[in-house]
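Some notes on the structure that comes next.
The values are calculated or read from the model by the stated rules, or taken from the named source; none is laboratory data. Quick caveat, the model's predicted, so the values are computed rather than measured. Reconstructed Cβ throughout: ideal geometry from the backbone, glycine too, with neighbour counts over all protein chains shown.
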Amino acid sequence: MSTPSLLILPGDGIGPEVMTEVRKIIDWFGANRDLAFDVSEDLVGGAAYDAHGTPLTDETMARAQAADAVLLGAVGGPKYDSLDFSVKPERGLLRLRKEMDLFSNLRPAQCFDALADFSSLKKDVVAGLDIMIVRELTSGVYFGEPRGIFKEGNERVGINTQRYTESEIARVARSAFELARKRSGKLCSMEKANVMESGILWRDVVTEVHQAEYSDVELSHMYADAGAMQLTRWPKQFDVIVTDNLFGDLLSDLAAMLTGSLGMLPSASLGAPMENGRPKALYEPVHGSAPDIAGQGKANPIACILSFAMALRYSFDQGDEATRLEQAVEGVLADGLRTADLLGEDGATPISTGQMGDAIVAKLSASL
Ligand code: IPM
Ligand code: MG
């Protein structure tokens, strides 16, 4: 088989810094595990806007469609706040998700033992936590029409539309049921069926898919507001959660903080299988571009490195090597190494972005 291709889009803010560390990891696997990738790099977000006047060129879009997997850093920053909505950095990311049809966004929230003390919640609430949020990523209020700011009489009205078709709900439900089957066999679906028709349909369709294809999985339903409350009260009651685009955006940030830092959380956005059998896929950290710390060597590269681990698992069928990388991260944390986001106010000295990457590479080498 030919060398798999990996398109890297570092993007804005801390994106390029954390991606530099991922490149070290990719190189390590090439040199030590016979896992070579054909890596190329391109621009997205504000970086693409600066160079081309658009947050994603058609050429880059085509390269993403052709790649075996895409790895993205982060997009956005205050510099671009006043840009027209249509060319904001975020539009580049949303176009990738939409045109690659990456409907299933996996956002694991896992609390590493070494960090259990670091969460703002009590240790026994988060220790050992391992949940997976499956967020619908190509529809809902992010993309529904009509949308816009319109004139109505003497005032303006802002409109967005929450819209879901049965097939959009069914396909993300199936991907969540499949994951639940491989994990503890439990799935909780979240919507607002008490106030939204799209929520009623969501609940109906998830129930139908369950009855027809996945009755072996234990399914529960929860209103998304109650779900947010339960996620902070006792998150370990959940295993896999499936929810829509907007609720998934909110709930995954919440779940990320359970683990101590947003700097720890990877994600995989998956679509339908391509001709070679691999799913269309984009991997990115859940954290944003963090412009306040960009360029200072303070960023935590772990979320992006763990996103590459997800690529090894979900795109390249290298589950054992993904586990090797995850264990290297765990080992470095167990050694007490921390970037600034993982330190309290106790005056301990953080290591830099680059030192964290080097430490993980050293752990990988020690694993051989
Ligand atoms: C995320 C981010 C994005 C989103 C932004 C950057 C468009 O918050 O991936 O969670 O809202 O989906
Ligand atoms: Mg978000």
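Can you tell me which of (1) outside any helix (DSSP H, G or I); (2) more than 21 Å from PRO89 (Cβ to Cβ); (3) away from ligand 1 (no atom under 16 Å from the Cβ) is the one ARG313 doesn't meet?
(1)
Please name all residue pairs, on different chains or six or more residues apart, with Cβ atoms under 6 Å, provided the first residue is in the range 19-42 and is in contact (Cβ under 8 Å) with a residue 24 or more places away in the chain and the second residue is in a strand (DSSP E or B) and loosely packed, with under 13 Cβ neighbours inside 10 Å.
none
Among the numbered conditions (1) over 15 Å from the mean Cα position of the chain (by Cα); (2) under 27 Å from ALA311 (Cα atoms); (3) in a helix (DSSP H, G or I), tell me where ALA255 comes up short.
(1)
State yes or no: is GLY260 modelled with pLDDT of 95 or more and not hydroxyl-bearing (Ser, Thr, Tyr)? Working first, answer last.
Values: modelled with pLDDT of 95 or more: no; not hydroxyl-bearing (Ser, Thr, Tyr): yes.
Answer is no for this residue.
Could you check, for the range 228-247, whether at least one of its residues is part of a strand (DSSP E or B) and more than 20 Å from ARG107 (Cβ to Cβ)? Working first, answer last.
To start, the set of residues in the range 228-247 that are part of a strand (DSSP E or B) comprises 240-243.
Next, only the ones that are more than 20 Å from ARG107 (Cβ to Cβ) stay: none.
No, the conditions are met nowhere in the range 228-247.
Of all residues in the range 255-284, which are more than 10 Å from ligand 2 (Cβ to nearest atom) and within 20 Å of ALA114 (Cα to Cα)? Please lay out each step first, then the result.
Filtering the range 255-284 down to residues more than 10 Å from ligand 2 (Cβ to nearest atom) leaves 255, 257-261, 263-266, 268-284.
Answer for the range 255-284, where residues must be more than 10 Å from ligand 2 (Cβ to nearest atom) and within 20 Å of ALA114 (Cα to Cα): ALA255, MET257, LEU258, THR259, GLY260, SER261, GLY263, MET264, LEU265, PRO266.
Being aliphatic (A, V, I, L, M) and within 21 Å of ALA359 (Cβ to Cβ) is the filter; apply it to the range 3-39 and report the residue that is surrounded by the most Cβ atoms within 10 Å (Cβ to Cβ). Walk me through how you get there before you give the answer.
So the first thing to find is which residues in the range 3-39 are aliphatic (A, V, I, L, M), and the list is 6-9, 14, 18-19, 22, 25-26, 31, 35-36, 39.
Restricting the remaining residues to those that are within 21 Å of ALA359 (Cβ to Cβ) gives 14, 18-19, 22, 25-26, 31, 35.
Numbers: ILE14: 31, VAL18: 28, MET19: 24, VAL22: 26, ILE25: 22, ILE26: 22, ALA31: 11, LEU35: 16.
Here the answer is ILE14.
Those residues that are surrounded by fewer than 17 Cβ atoms within 10 Å (Cβ to Cβ) and outside any helix (DSSP H, G or I), I need them from the range 321-339; list them, please.
Within the range 321-339, ASP335, GLY336 meet the criteria.
Scan GLU59, GLU41 and give me the residue that is modelled with pLDDT of 95 or more, away from ligand 1 (no atom under 16 Å from the Cβ), under 26 Å from GLY263 (Cα atoms) and not hydrophobic (A, V, I, L, M, F, W, C).
Working: GLU59 fails: under 26 Å from GLY263 (Cα atoms).
After applying the criteria, what remains is GLU41.
What number goes with the only condition from (1) out of contact with any Ser or Thr (no Cβ under 6 Å at 6 or more places or on another chain); (2) under 24 Å from LYS98 (Cβ atoms) that VAL22 does not pass?
(2)
Could you figure out which of (1) farther than 30 Å from LEU368 by Cα; (2) in contact with a Ser or Thr (Cβ under 8 Å, 6 or more places away or on another chain) isn't true of LEU56?
(2)
Quick one: how many residues across the range 327-368 are among the acidic types (Asp, Glu) and over 16 Å from SER261 (Cβ atoms)? Don't jump to the end; show me each part of the working.
Our first condition is that a residue be among the acidic types (Asp, Glu); within the range 327-368, this holds for 330, 335, 341, 345-346, 358.
Next, only the ones that are over 16 Å from SER261 (Cβ atoms) stay: 335, 358.
The total comes to 2.
Name the residue that is nearest to the chain's Cα centre (by Cα), counting only residues in the range 258-279 that are part of a strand (DSSP E or B) and buried (at least 23 other Cβ atoms within 10 Å of the Cβ).
At the first step, the residues of the range 258-279 found to be part of a strand (DSSP E or B) are 266-273, 279.
When the remaining residues are screened for being buried (at least 23 other Cβ atoms within 10 Å of the Cβ), the result is 266-270.
Values: PRO266: 5, SER267: 3, ALA268: 5, SER269: 7, LEU270: 10 Å.
Among those residues, the one meeting the criterion is SER267.
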